[in-house]
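Here is the structure we will look at, set down as C-alpha cells.
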Amino acid sequence: MFGDALRRLAGAATYLYQDGPRYWYSTQLTVTKLAEDRAEQIKCDPDKVVAAVGARLRADMKNAGDFNRIHPLPQSGQDVPDDRDARLVVLGRDQPYNKEKGSPAETAAKAIFESKGSAPRIYRNTLVFLAADKIRLQDLDEAVRPYLAWESIFAEREQFDLSPHQVKQARTQRDATSGAVTARLPETYQWLLG
C-alpha cells in the first residue's frame, strides 16, 4: 500500500524523482512534469500536431505496397495526376470520414475523383482514397502531443542540463510515445473509399 502510494506520488509530483527502488526530492523540475506541461501547451498550437501527423504519414507512405504511387495529403485534384497507374490518395485530417452522408472525406474524394484541376479526370477507376476516422482523430492527437513534448525535451537536453538518468528517461519516453503514434495511425486512417 505504501509502495503504491509512493509510485502514484512520483508520477504526479513536480520535484520527486524515482530510479528503480530509490526516491528523492530535487530542486529541479522532473522531466515527467515538464513533458506534461509541454503537452498541455501544444494543445494551444494544433498546427504542431497537424505538421507532425503529416510528416509521419508522408514517411509511412514511402512504401507504396501494391499501389504504383501514393499521394499523401493532396491540397486539390491538381496534385493527383490523371494516368493509368493504380494510386492511393491519402486525405488530410481536415477531411475525415464519418458514416453520415456527405462526410468531408466523401466530398474531397468526389472532387478529386471527378477532376484534375479544371479538366475532367479520365482514369477515375485507378484511384483509391484513404481517410481518417473522425472519432479516432482525437485519439491520434492525444498520442502525438506527448510525443512532441518528449521529443522537444530530448532535443533540448543540454539547455535543460539534464542528468544522465533524465536523458535516458527522456529518450525512453520519446521512443515509447513515438511507438504509440505509430500504432494509432492505422487505427485512425482506416477508411478506404473508391
Options [x] 1, 5, 8, 9, 11, 12, 11, 9, 7, 6, 5, 4, 3, 2, 2, 2, 2, 1, 1, 0, 0; [y] 1, 7, 13, 15, 14, 12, 9, 8, 7, 6, 4, 3, 1, 0, 0; [z] 1, 8, 14, 18, 20, 17, 12, 6, 2, 1, 0 are given for P(r) over Cα pairs in 5 Å bins from 0, in percent, and the computed one is [y]
Tell me the net charge near Thr188. Cut-off is 10 Å between Cβ atoms, Thr188 excluded, with +1 for each Lys or Arg and -1 for each Asp or Glu. 0
Counting just the Cα atoms, what span does segment 117-194 cover along each of its three principal axes? Round to the nearest Å and put the largest first. 60, 26, 17
Measure up Lys48/Lys101; Lys43/Lys101; Lys101/Lys134 against 24 Å on the Cα-Cα distance and list the ones that go over. Lys48/Lys101; Lys43/Lys101
Stretched out fully, how many nm does the piece from Lys99 to Gln159 gain, at 0.36 nm a residue minus the Cα gap? 16.8 nm
Low-density loop cleavage sites - GluC sites (Glu not before Pro) in segment 131-194, where at most 16 other Cβ are within 10 Å (DSSP): Glu156, Glu158
What ranking do 95-107, 112-124 get when scored by the average of other Cβ atoms within 10 Å per residue, highest first? 95-107, 112-124
Show which aspartates and glutamates lie in cross-link reach of Lys62 when reach means a straight Cα distance below 19 angstrom and same-chain residues fewer than eight apart are skipped. Asp79, Asp85, Glu187
Express as a percent, rounded to the nearest 5, the fraction of DSSP beta bridges in the chain (both residues included) that run antiparallel. 55
Mind checking the dipole of the chain: about its Cα centre, +1 per Lys or Arg Cβ, -1 per Asp or Glu Cβ, Debye to the nearest 20? 280
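Relative contact order, percent, of the chain when contacts are C-alpha pairs under 8 Å separated by at least 6 residues? Can you show the working numbers first?
Working: 254 pairs, mean separation 37.7, N = 194.
Answer for the chain is 19 percent.
No value in this document is a laboratory result; all are computed from the given coordinates. No experiment lies behind these values; they were computed from the predicted model shown. Positions of Cβ are backbone-derived with ideal geometry, glycine not excepted, and every protein chain shown enters the neighbour counts.
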